[in-house]
Amino acid sequence: MISLIVAMDRKGGIGIRNAMPWKIPGELKQFKALTLNHSVVMGRKTYESIGHPLVQRTNYVVTTNPLWKVDGVTTIHDFKEFLKRHASSSETVFVIGGAQVFEAALPYVSTMFISLVEGDYVCDTFFPELDWSHFKAIDVKIFEGFIQTTYERIP
Ligand SMILES: NC(=O)c1ccc[n+]([C@@H]2O[C@H](COP(=O)([O-])OP(=O)(O)OC[C@H]3O[C@@H](n4cnc5c(N)ncnc54)[C@H](OP(=O)(O)O)[C@@H]3O)[C@@H](O)[C@H]2O)c1
């Protein structure tokens, strides 16, 4: 099963200069609570921005570069094959960004955890266009500084 987790502002902004536009400790805590002990998949740029594998999670990084290797990370070159394989598995894999990786993964995603952060931010990276009619909101949680909605794909 492929899940997606993202924090965005109301304009869909998710990043600026290969970093997060905001610092919301509660949002990071919620991200950790959901992804801990699962697999996380990210783009090479997001990995470089974080700078290390996420602890207590199986880390996958998507890259076209056959020479890219980091200890503690499994590299993915054929992302479509990976998504197809995991979409039909009972194990949950979290796609954690950034925009390029979200865009490639969206057709295979069954659940999305979307944090809508308060405030206006200057962003240069945005969540991709999405046909929201394919998803329904099944849960809403209100936290300080953000609201997290869980969406499930409509079968
Ligand atoms: N707000 C959030 O929740 C959130 C979450 C994550 C990231 N972000 C932000 O998003 C920004 C980064 O996003 P981004 O879109 O620029 O980069 P990204 O998706 O993190 O990484 C892009 C890179 O991933 C590799 N890649 C992507 N699709 C691929 C595919 N189908 N096959 C093989 N390799 C593929 C390529 O690596 P190579 O160039 O090595 O081939 C590509 O350059 C940063 O600002 C980051 O802070 C925000």
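Read-outs: derived from the displayed coordinates by stated rules, not from any lab. The structure displayed is predicted, hence computed values, not measured ones. FYI the Cβ positions are ideal-geometry reconstructions off the backbone, even for glycines, and counts take in every protein chain you see.
Residue by residue through region 1-38, note down the ones that are among the β-branched types (V, I, T) and within 12 Å of the ligand (Cβ to nearest atom). Of everything in region 1-38, those that are among the β-branched types (V, I, T) and within 12 Å of the ligand (Cβ to nearest atom) turn out to be I5, V6, I14, I16, I24, T35.
Among the residues of region 1-40, the one identified as of a type in the set (D, E, K, R) and at positive phi is R17. Of all residues in region 26-74, those being hydroxyl-bearing (S, T, Y) and touching an Asp or Glu at 6+ places or on another chain (Cβ under 8 Å) number 1. In region 14-29, how many residues are buried (at least 19 other Cβ atoms within 10 Å of the Cβ) and in contact with a Ser or Thr (Cβ under 7 Å, 6 or more places away or on another chain)? Qualifying residue count, region 14-29: 3.
Is there a residue being free of Cβ contacts under 8 Å to residues at least 40 places away in the same chain, within 8 Å of the ligand (Cβ to nearest atom) and under 17 Å from the mean Cα position of the chain (by Cα) anywhere in region 111-129? There is no residue in region 111-129 that is free of Cβ contacts under 8 Å to residues at least 40 places away in the same chain, within 8 Å of the ligand (Cβ to nearest atom) and under 17 Å from the mean Cα position of the chain (by Cα).
Out of V41, V70, one residue alone is within 13 Å of the ligand (Cβ to nearest atom) and free of Cβ contacts under 8 Å to residues at least 60 places away in the same chain. It is V70.
All conditions in (1) loosely packed, with under 15 Cβ neighbours inside 10 Å; (2) more than 8 Å from the ligand (Cβ to nearest atom); (3) not in a helix (DSSP H, G or I) hold for N65, with the sole exception of (2). Among the residues of region 68-123, those identified as surrounded by fewer than 16 Cβ atoms within 10 Å (Cβ to Cβ) and at positive phi are G72, G119.
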